[in-house]
Amino acid sequence: MSQVASNGESLTGGVKINKDMTVVITGGGGFIGGHLVNFFRSMGVKKIRVADIKPLDEWYQVFRDVENHAGPIKGDCRDFKVCRNLCTGADEVYQLAADMGGMGFIENNKALCMLSVLTNTHMLLAAQEAGVKRFFYASSACVYNADKQKNPDITALKEADAYPGLPEDGYGWEKLFSERMCRHFREDFGMHTRVARFHNVYGPEGTWEGGREKAPAAICRKVIAAKVSGKHEIEIWGDGTQTRSFMFVDDCVRGINMITHSGILEPINLGSSELVSINQLVSIAEEIAGIKLKRNYKLDAPKGVAGRNSDNTKIQKYLGWEPSTRLRDGMERTYRWIEKEFLAKYNAKTAHLSSISTFTKGSHPIPGDGYNPESKNMTTWTQGIPAGYGAPAKAKASSKGGKSKPAAKKAKPAVKAKGKAAKKPVKAGKR
Ligand code: NAD
């Protein structure tokens, strides 16, 4: 990689990268982590340690010239011993490991999302013990107060909008908590922690099927599947008017490097400010594919907040820079990459199988989930605390499949499954 981007901008934003440092990147078998490893390699950094809980053959990008710690024994950063091993002698740590995915995953797997707190805590402790010079933490726009995102014509979110705290349930709460832990490690222990709040990152070499994928990849895949199968229809989650901004992964990696080496102490937005609706995103993918599809709106699907955009005033002020890859250009590269992957795996007859997800509610492969009727009575509190929550009488009745209406409805499949739970095969959902 040259140090200059195609538009002539410096890729490092003027940061002088120390090629002799030891860099640790967790979650490096994932989408953004893989690109970050490649960034530092290309900048000539010689000692890079990469960790991921996934086995090496499931990593999106594997580089043989770096030190790879893969799989649940060597690469699980929930384990303090693993973190210690990674951080010893390290100069900089980039903490990207997280159990996460798109809305379909995070709305249905809140406990799994919150368990990432173990990873963040142990990596911070190990980094502090090892005396690392810089610690970067990947936070998310999901930390923002849900009340400020109820309208698709949203005013862009500025950093202060994270408080008072009402983040995305599960995933967002964990991110907000871990952000604060970074802050207190800085204030109390003098660690140089830096935190960026990513707004929807997309690009090649990331998840595009299986249930963890995010909207741009999911839409590319659905358009490709429609084209390949000849069934010119697309399912859209929600009514398509929900708005978002999407940041191309190259911009994300450049931003991570600049923020880590800056004096920006508080969490800062790292996102594009080019706002689009999901309908517009579908139109972009259709245009790239050269087809028009019939749109079927699935109104009860997980769709997240109504509107979200990144206010880039702060990053402009501090760095004189902001992510600027045009969505149309980034989508073209993403679409082409997913198309190649798709065609290597599916054909006209099998294209429909690409929409199978194993992360639908009640079908999660973790034993215990979904089989206790009570486990279904806690609906999301993203939009506030659900009516009746905390009222013991109602909660008791509904756990027996009794009076409370929504709870009784949800309890049904769980009651049916009683006794056979352990043997029940994992049902695949659709996304
Ligand atoms: P990803 O799922 O592709 O990568 C995360 C990686 O972490 C995965 O490969 C996963 O196997 C690994 N991981 C999970 N638990 C682990 C553990 N205990 N030990 C070691 N590795 C573990 O996701 P991504 O899009 O590359 O996201 C990277 C980071 O950026 C995450 O922290 C995520 O929360 C954050 N983020 C991403 C987005 C986005 O749009 N992609 C937006 C906001 C924040």
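Just so you know, all these numbers are worked out from the coordinates, no wet-lab data involved. Fair warning: this is a prediction, and the values are worked out from it, not measured in the lab. Positions of Cβ are generated from backbone atoms using ideal geometry, with glycine treated the same way; all protein chains shown enter the neighbour counts.
Based on DSSP, what percent of beta bridges with both residues in segment 22-355 are antiparallel, to the nearest 5?
That works out to approximately 10 percent antiparallel.
Got the relative contact order for segment 22-355 handy, in percent, Cα pairs under 8 Å and 6 or more residues apart?
18 percent
What is the Cα coordinate range of segment 284-353 on the first, second and third principal axes, sorted by size from largest, in whole angstrom?
Extents along the principal axes, in whole Å: 52, 31, 21.
Enumerate the whole-percent occupancy of each 10 Å bin, from 0 to the last occupied one, for all C-alpha pair distances of segment 22-355.
Values per bin, smallest distances first: 6, 26, 36, 23, 8, 1.
Would you kindly state how much longer the chain becomes between Lys349 and Ser42 on full extension, computed as 0.36 nm times their sequence separation minus their alpha carbon distance, in nm to one decimal?
Taking 0.36 nm per residue and subtracting the Cα distance, the gain is 106.4 nm.
Please go through the residue pairs Lys81/Lys340; Lys227/Lys298; Lys317/Lys340; Lys294/Lys314; Lys74/Lys349; Lys150/Lys314 and name each one whose alpha carbons sit more than 32 Å apart in this structure.
Lys81/Lys340; Lys317/Lys340; Lys294/Lys314; Lys74/Lys349
Largest first and in whole Å, give the semi-axes of segment 185-251's equivalent ellipsoid, each being the square root of 5 times a Cα gyration tensor eigenvalue.
36, 13, 10
Within segment 306-357, which trypsin sites (Lys or Arg not before Pro) sit in a loop by DSSP and count at most 12 neighbouring Cβ atoms inside 10 Å?
Answer by residue number: Arg326, Lys349.
Taking the DSSP beta bridges in segment 191-322 as the whole, what percent of them are antiparallel, to the nearest 5?
So the antiparallel bridges in segment 191-322 amount to around 20 percent.
Any idea how far the Cα center of segment 21-75 sits from the one of segment 248-311, in Å?
25 Å
For Phe80 and Asp300 in one chain, what is 0.36 nm times their gap in residues minus the Cα-Cα distance, to one decimal in nm?
Here the segment from Phe80 to Asp300 would lengthen by 75.2 nm.
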